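The values are calculated or read from the model by the stated rules, or taken from the named source; none is laboratory data. Everything numeric in this text was worked out from a predicted model, so none of it was measured. When we count neighbours, we look across all protein chains shown, and the Cβ atoms used for this are built from the backbone with ideal geometry, even at glycine. Note: areas computed on protein heavy atoms with side chains; ligands, DNA, RNA excluded. Shrake-Rupley method; radii C 1.70, N 1.55, O 1.52, S 1.80 Å.
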Amino acid sequence: MIRTFVTLLLVFLLAAPFPASAAGFDADQTFMDWVENYGRHPEPGRLADGISYFAGSGLFKAQQLRRPLAYFFGTALFRSSSQQREQAVTALEADPNPTARVIFLNAVWYAGVPESRALLARLRPTWTAPHLAALLQGMLAEGPRPLLAVTSPRDEEELRQTAQDLDCLWMRYLASDDPTFVEDIVRAACLSVSADDEGAKLLGFTARWSLRSNLKVPRVRALLEQRFATATGDEWLVLDDVLHGRQTGNTPPTQ
């Protein structure tokens with residue numbers, strides 16, 4: 001049941017036979033390698049190329065990838081300097097593919113920081129194409145919904161949305177190497193142990209499966225092993241299962 005709703009973003013991208021396009025990346029695998037390694041080896045000068053590549057590739061046709069990758073780009077953009085962001089704006093203004101500017105605006109909006117709202121307001125007078133003007137108007141009227149705002153999904157659509165929130169957190173981690181984004185996923189996974197509510201428990205198992213599925217990324221495994229070394233209670237139970245499989249009779253250390 002859970003597998004119906006969870007998007008395994010990294011697995012999907014690595015396996016999908018999408019066609020390549022230009023803009024600084026020669027293949028989807030090259031693009032995905034760049035995304036996966038960005039937090040450790042940031043290249044803000046290539047963000048506009050990355051957005052252009054995504055806009056022109058078959059990856060963009062998979063709607064379940066759009067929001068997570070927008071979070072990746074937004075996180076990376078606002079960890080770069082203002083000068084590097086301006087360079088990205090200039091490059092994307094010259095991009096003949098209008099989809100690239102839509103992706104950029106979504107990335108800026110999802111970043112959700114004061115600087116991102118200021119940038120949207122500054123672009124509004126010049127990015128006046130009808131589809132961009134309507135998008136900017138909506139973005140300036142309301143901020144993005146916080147990730148994992150729903151911790152007890154009540155129906156299929158809410159579960160799909162919260163499962164994609166987990167993918168967005170993974171993308172923010174890949175863009176920044178900031179472990180707090182993975183910590184949010186671990187906390188959600190603990191609902192599988194302690195929650196009484198059926199929806200919350202289902203979200204917990206979805207998050208637990210998401211953690212296990214991303215162990216193939218070496219720095220994810222290293223981070224979870226480090227947390228496990230000092231974990232107690234529900235977190236210990238979750239990480240023991242994720243890292244080592246369910247161990248009958250194992251009990252967490254006392255605090």
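Within 16 Å of Val102 (Cα to Cα), open to solvent by 10 Å² or more (accessible area, probe 1.4 Å) and of a type in the set (Phe, Trp, Tyr), is that true of Phe78? No: the conditions fail for Phe78. Filtering region 133-146 to residues that are open to solvent by less than 40 Å² (accessible area, probe 1.4 Å) and part of a loop (DSSP other than H, G, I, E, B) leaves only Pro144.
Each residue in region 173-186 was checked for being of a type in the set (Val, Ile, Thr) and part of a loop (DSSP other than H, G, I, E, B), and 0 pass. The set of residues in region 205-221 being open to solvent by less than 60 Å² (accessible area, probe 1.4 Å) and either without any contact (Cβ under 8 Å) to a residue 24 or more places away in the chain or part of a loop (DSSP other than H, G, I, E, B) (or both) consists of Asn214, Leu215, Val217.
Here is a check on your reading of the model: is Phe73 at pLDDT 95 or above and open to solvent by less than 60 Å² (accessible area, probe 1.4 Å)? Answer is yes for this residue. Counting only residues that are of a type outside the set (A, V, I, L, M, F, W, C) and more than 13 Å from Phe25 (Cα to Cα), how many does region 46-82 have? Final tally of qualifying residues: 14.
Within region 111-132, the set of residues being open to solvent by 40 Å² or more (accessible area, probe 1.4 Å) and of a type outside the set (A, V, I, L, M, F, W, C) comprises Gly112, Pro114, Glu115, Arg117, Arg122, Arg124, Pro125, Thr126, Thr128, Pro130, His131. The lone criterion from (1) over 30 Å from Arg160 (Cα atoms); (2) at pLDDT 95 or above; (3) open to solvent by 30 Å² or more (accessible area, probe 1.4 Å); (4) not aliphatic (A, V, I, L, M) left unmet by Pro96 is number (2).
Taking the stated definitions as given, is Pro253 modelled with pLDDT under 95, buried (at least 18 other Cβ atoms within 10 Å of the Cβ) and not in a helix (DSSP H, G or I)? It is false that Pro253 is modelled with pLDDT under 95, buried (at least 18 other Cβ atoms within 10 Å of the Cβ) and not in a helix (DSSP H, G or I). Restricting the first member to region 109-127 and to residues that are without any contact (Cβ under 8 Å) to a residue 24 or more places away in the chain, and the second to residues that are of a type in the set (Phe, Trp, Tyr), the beta-carbon pairs closer than 9 Å and six or more apart or on different chains are Leu120/Trp109.
This table checks each residue for (1) in contact with a Ser or Thr (Cβ under 9 Å, 6 or more places away or on another chain); (2) part of a loop (DSSP other than H, G, I, E, B).
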residue: Pro153; (1), (2): yes, yes
residue: Leu159; (1), (2): yes, no
residue: Thr162; (1), (2): yes, no
residue: Met171; (1), (2): yes, no
residue: Val193; (1), (2): no, no
residue: Leu202; (1), (2): yes, no
residue: Gln226; (1), (2): no, no
